[in-house]
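Below: one structure, written as structure tokens.
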Amino acid sequence: MGFDLYGLAPSGEEKPDYPINGSEEDIKAYFAWQDNTKGSYFRQNVWGWRPIWEYVTAFCGDILSSKDLQRGSFNEGHKISKTKANRIAGRISKLNKNGSLEEYVKARNKIIDRMPDEECDICKGTGFRKEPPQIGPGDVKCNGCDGKGTQRPFAVNYIAYKDDIIEFGEFCRHSGGFTIL
């Protein structure tokens, strides 16, 4: 699962329609336009998007409505206006220039890295599980924790990267507003 963001008016241009029944040449032309137009497209998998949006909600909460903040976590077509996108871009740029962005990423990732292991939810801490697809204590070495009985917290899957946040900010700057799909 991923999050695909499409600019509403990337680099001030009108977005061409995707050629649904177009020729291979039309489709190639559309993707060439998309690849060469700043602010037309931004993609992150779920593991990368959640930390980006977490950052936006923490540092741009005064720019976005409560609905924006909530709907940004879902890939169901929520739109962010050009004005809001430009303000997000400006905020990210400012926080990057003054070093706050890097400090945030380092501190956030350090907190996650220091989280203690948790009891394995597949084998309930025994190191041995029932035959898959069942879960719970059993006779088979647990593949969820490799038989240790503990596993890293789920949050460790959501590592923040400074460059991803900067790239998102640049997308916002050129997007003319965007839709989250």
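Hey, if you put +1 on the Cβ of every Lys and Arg and -1 on every Asp and Glu Cβ in the range 71-181, which of ASN157, ILE92, CYS120 ends up farthest toward the positive end of that dipole?
Projecting each Cα onto the dipole axis, the largest value belongs to ILE92.
Run the simple label-point estimate for SER11 and ILE135 please: 7 Å along Cα→C-beta, distance reported in nm.
So the two model labels end up 4.7 nm from each other.
In sequence order, what are the phi-derived ³J(HN,Hα) couplings for the range 167-172 according to the Karplus relation 6.51 cos²θ - 1.76 cosθ + 1.60 with θ = phi - 60°, rounded to whole Hz, with x for glycine and proline?
Residue by residue, the range 167-172 yields 4, 4, x, 5, 4, 4 Hz.
Give me the percent of accessible area attributable to carbon and sulfur for the range 31-181, probe 1.4 angstrom.
51 percent
Report the charge-dipole magnitude of the chain in Debye, nearest 20, computed about the Cα centre from +1 at each Lys and Arg Cβ and -1 at each Asp and Glu Cβ.
The calculated dipole for the chain is roughly 700 debye.
Give a residue-ordered list of calculated ³J(HN,Hα) values for the range 80-91 (Karplus: 6.51 cos²θ - 1.76 cosθ + 1.60, θ = phi - 60°; whole Hz; x for Gly, Pro).
For the range 80-91, the Karplus-derived couplings read 10, 5, 4, 4, 5, 4, 5, 5, 4, 4, x, 5 Hz, x marking Gly and Pro.
Leaving ligands, DNA and RNA out of it, rank ILE27, ILE20, ILE111 by accessible area with a 1.4 Å probe, largest first.
ILE20, ILE111, ILE27
How many percent of the alpha carbon pairs in the range 9-83 exceed a separation of 18 Å?
Summing the P(r) of the range 9-83 above 18 Å gives 55 percent of all pairs.
Any cysteines in the chain with zero other Cys Cβ atoms under 4.7 Å from their Cβ? List them, or say none.
Those would be CYS60, CYS172, since no other cysteine Cβ in the chain comes under 4.7 Å of theirs.
Where a Cα-Cα gap under 25 Å defines reach, which lysines qualify for LYS79, not counting those fewer than 8 residues away within the same chain?
LYS15, LYS38, LYS67, LYS94, LYS162
State, to one decimal in nm, how far the label point of VAL46 lies from the label point of GLN70, with both points 7 Å from Cα in the Cβ direction.
Here the modelled spin labels are 2.0 nm apart.
Averaging over all projection directions, find the projected area of the Cα convex hull of the range 95-175 and quote it in nm² with one decimal place.
Its Cα hull, projected and averaged over all orientations, spans 7.2 nm².
Using all Cα-Cα distances in the range 1-134, what percent lands in each 10 angstrom bin from 0 up to the longest?
The percentages, shortest bin first, are 10, 27, 29, 18, 13, 4.
Rank ASP68, ASP62 by accessible area, highest first, at a 1.4 Å probe radius?
Largest accessible area first, the residues go ASP62, ASP68.
ASN98 to SER23: FRET efficiency via 1/(1 + (r/R0)^6), r the Cβ-Cβ distance, R0 45 Å, to the nearest 0.05?
E between ASN98 and SER23, to the nearest 0.05, is 0.35.
What is the calculated FRET efficiency for ILE159 to ASN36, with r their C-beta to C-beta distance and R₀ = 22 Å, to the nearest 0.05?
0.15
The values are calculated or read from the model by the stated rules, or taken from the named source; none is laboratory data. All values reported here derive from a predicted model rather than from experimental measurement. Neighbour counts run over all protein chains shown; Cβ positions are idealised from the backbone, glycine included. Keep in mind that these areas ignore ligands, DNA and RNA; they rest on the heavy atoms of the full protein, side chains included. Shrake-Rupley method; radii C 1.70, N 1.55, O 1.52, S 1.80 Å.
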